[in-house]
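Have a look at the structure below before the remarks.
The values are calculated or read from the model by the stated rules, or taken from the named source; none is laboratory data. Not measured: the values here are computed from a predicted model. For neighbour counting, all protein chains shown are included, and Cβ atoms are generated from backbone atoms with ideal geometry for every residue, glycine included. Calculation scope for accessible area: heavy atoms of the full protein, side chains included, ligands and nucleic acids excluded. Shrake-Rupley method; radii C 1.70, N 1.55, O 1.52, S 1.80 Å.
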Amino acid sequence: THAKGRFLVFTDDDCAMLESLTYLLQAEGFSVEQCRSGQQLLAKTLWSRPACMVIDLRLADIDGLELRRKLRDRGIDIPTIIISGRAEIPDAVRAVKDGVLDFLTKPFDDAELIQRIRQAIVQDEENLRQKAEMDELRERFSRLTARESEVLRCVLEGMANKQIAASLGLSAKTVEFHRKHVMEKVEVETVTELVRLSALLFPELRSVNRKR
């Protein structure tokens, strides 16, 4: 029985290696999808998540890291383990610089591979959780009208209501009205929380606040 949410895309043009490891990983509860070439992986359209990719460094049709970069350019950024038949330091360094989660040299310990795959899936779960939070946060801020966004910008600059009113040519009462709506739409109760969420969504605000 395959455990839900433990998906693995395994790409290797060594058929014997592919079959033996697939059998092992399925026995561990992973749902494994085999790809025997880079082109086969690039042709894949449906991706189950959370997941992990295990890619051989030297496929017959493409370099494994180049394959991963092509997928990432398409918005498919899944934690990846690169495996290789040769232990060459430049390859390992290249993989690390490219953001690969791990680099294992054949023959590797099966238990180590399984452990690394589990860690990769946990990481993907966290990545998906963070993305969902950011998407939800963007949706909240998208509710603001143009005027409310102007008021928010002034609040984030540390301006008091009277200063905001003077800056925008509004009455203090109108500014208070807009601030109330901003807090309601962003779903926060304090200005501190409003600033914190704004900084998450707009990283450039962090440097502005540090300069103050």
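Quick check, is Ala132 closer than 30 Å to Ile82 by Cβ, open to solvent by less than 70 Å² (accessible area, probe 1.4 Å) and more than 26 Å from the chain's Cα centre (by Cα)?
Details: closer than 30 Å to Ile82 by Cβ: yes; open to solvent by less than 70 Å² (accessible area, probe 1.4 Å): yes; more than 26 Å from the chain's Cα centre (by Cα): no.
Answer is no for this residue.
Out of (1) modelled with pLDDT under 90; (2) farther than 23 Å from Asp110 by Cα; (3) in contact with a helix residue (DSSP H, G or I) (Cβ under 9 Å, 6 or more places away or on another chain), what's the single condition that is false for Asp77?
Result: Asp77 fails condition (1) only.
Restricting to the stretch 12-41, count the residues that are farther than 18 Å from Ser84 by Cβ and touching a Cys at 6+ places or on another chain (Cβ under 9 Å).
Residues flagged as farther than 18 Å from Ser84 by Cβ and touching a Cys at 6+ places or on another chain (Cβ under 9 Å) within the stretch 12-41 amount to 1.
I'd like to verify a number: residues in the stretch 26-35 that are assigned to a loop (DSSP other than H, G, I, E, B) and either out of contact with any strand residue (DSSP E or B) (no Cβ under 7 Å at 6 or more places or on another chain) or at pLDDT below 90 (or both), how many?
2
List the number of the failed condition for Leu101; all other conditions in (1) over 30 Å from Gln26 (Cα atoms); (2) in contact with a helix residue (DSSP H, G or I) (Cβ under 8 Å, 6 or more places away or on another chain) hold.
Exception for Leu101: condition (1).
Among the residues of the stretch 36-53, is there at least one that is buried (at least 18 other Cβ atoms within 10 Å of the Cβ), over 15 Å from Leu8 (Cα atoms) and at pLDDT 90 or above?
yes
Does Val122 satisfy being among the aliphatic types (A, V, I, L, M), over 25 Å from Ala43 (Cα atoms) and open to solvent by 70 Å² or more (accessible area, probe 1.4 Å)?
The answer is yes for Val122.
Of the residues that sit in the stretch 79-117 and are part of a helix (DSSP H, G or I) and in contact (Cβ under 8 Å) with a residue 40 or more places away in the chain, which one is most open to solvent (accessible area, probe 1.4 Å)?
Across the stretch 79-117, the extreme among qualifying residues is Asp110.
Restricting the stretch 1-25 to residues that are open to solvent by 70 Å² or more (accessible area, probe 1.4 Å) and under 24 Å from Val122 (Cβ atoms), which is modelled with the lowest pLDDT?
In this case the residue turns out to be Thr1.
So for the stretch 154-177 (the condition being of a type in the set (D, E, K, R), under 26 Å from the mean Cα position of the chain (by Cα) and farther than 17 Å from Phe7 by Cα), does at least one residue qualify?
Filtering the stretch 154-177 down to residues of a type in the set (D, E, K, R) leaves 157, 162, 173, 176.
So of that shortlist, the ones also under 26 Å from the mean Cα position of the chain (by Cα) come out as none.
No, there is no match, as no residue in the stretch 154-177 is of a type in the set (D, E, K, R), under 26 Å from the mean Cα position of the chain (by Cα) and farther than 17 Å from Phe7 by Cα.
Given (1) surrounded by 16 or more Cβ atoms within 10 Å (Cβ to Cβ); (2) touching a Phe, Trp or Tyr at 6+ places or on another chain (Cβ under 6 Å); (3) outside any strand (DSSP E or B); (4) in contact (Cβ under 8 Å) with a residue 12 or more places away in the chain, identify the lone condition not met by Leu65.
(2)
Looking at the stretch 15-22, can you tell me whether even one residue there is part of a helix (DSSP H, G or I) and touching a helix residue (DSSP H, G or I) at 6+ places or on another chain (Cβ under 9 Å)?
yes
So how many residues does the stretch 135-161 have that are more than 14 Å from Glu187 (Cα to Cα), in a helix (DSSP H, G or I) and open to solvent by 60 Å² or more (accessible area, probe 1.4 Å)?
Going through the stretch 135-161 one residue at a time, the tally reaches 5.
Does the stretch 44-52 include one or more residues that are part of a helix (DSSP H, G or I) and of a type outside the set (Val, Ile, Thr)?
no
Could you give every pair whose Cβ atoms fall below 6 Å, whose first residue belongs to the stretch 146-160 and is on the phi < 0 side of the Ramachandran plot, and whose second residue is among the polar types (S, T, N, Q) and open to solvent by less than 20 Å² (accessible area, probe 1.4 Å), counting only separations of at least 6 or pairs across chains?
Note: pairs meeting the criteria are Leu156/Ser198.
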